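A quick write-up on the structure given underneath.
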Amino acid sequence: MTFEINKEFKEEYIVKENHSAKNMGSGDLEVLATPSLVAFMENAAKNHLNTFLTADYSSVGSNININHVAPTLIGKKITIKGKITQVIKDRIIIFSLEAFENDKKIGDAEHTRVIINNQKFISKLTNA
């Protein structure tokens, strides 16, 4: 598998009530929860990585270091922009990610995903 380093990708998400800090239990307000921002970032990275993988493979998140720097109200659109910055041993993929509400940066992260063989991964769990 060959991955394109530093080629930017982006995905858009609408912040819904179920993404709120109040709903997630991570805060008391109806604003985008940090756990939801993490999920949006991981999803964008996963979706981008899937464009390089065959059906037998997928990826799992193994690390994320996030800075959630500005609030976002329910109903707003956010954009996740990212790029692969490093590939280690052809299976560990490092991403640089940023989140924006219009032109306002609301967060950034470094995220690691590990490429797995789906069947082997599940069989290890069911045979444990």
Quiz item: Do we find a residue being without any contact (Cβ under 8 Å) to a residue 60 or more places away in the chain, under 10 Å from the mean Cα position of the chain (by Cα) and on the phi < 0 side of the Ramachandran plot anywhere in the stretch 79-95?
Solution: yes
Quiz item: Looking at the stretch 34-44, which of its residues are buried (at least 23 other Cβ atoms within 10 Å of the Cβ) and under 12 Å from Ser20 (Cα atoms)?
Solution: Ser36, Leu37
Self-check item: Search result, residues across the stretch 11-29 that are crowded, with 16+ Cβ neighbours inside 10 Å and in contact (Cβ under 8 Å) with a residue 40 or more places away in the chain
Solution: Glu11, Tyr13, Val15, His19, Ser20
Quiz item: List the pairs whose first member sits in the stretch 32-49 and is closer than 13 Å to Ala99 by Cβ, whose second member is of a type in the set (Lys, Arg), and whose Cβ atoms are under 7 Å apart, counting only residues at least 6 apart or on separate chains?
Solution: Ala45/Arg113
Exercise. Identify, by number, the condition in (1) touching a Lys or Arg at 6+ places or on another chain (Cβ under 9 Å); (2) among the small types (Gly, Ala, Ser); (3) more than 22 Å from Thr2 (Cβ to Cβ) that Gly27 doesn't meet.
Key: (1)
Quiz prompt | Subset of the stretch 4-15 [assigned to a loop (DSSP other than H, G, I, E, B) and under 17 Å from the mean Cα position of the chain (by Cα)] | solution = Asn6, Lys7, Glu8, Val15
Quiz item: Hey, Thr2 hits all of (1) closer than 22 Å to Asn102 by Cβ; (2) in contact (Cβ under 8 Å) with a residue 24 or more places away in the chain; (3) polar (S, T, N, Q) but one; which does it fall short on?
Solution: (1)
Quiz item: of a type outside the set (Gly, Ala, Ser) and part of a strand (DSSP E or B) - does that describe any residue in the stretch 18-36?
Solution: yes
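Coordinate-derived values only; no laboratory data. Please read these numbers as outputs of a predicted model, since none were measured by experiment. Note that we place each Cβ from the backbone using ideal geometry, even for glycine, and neighbour counts take in every protein chain shown.
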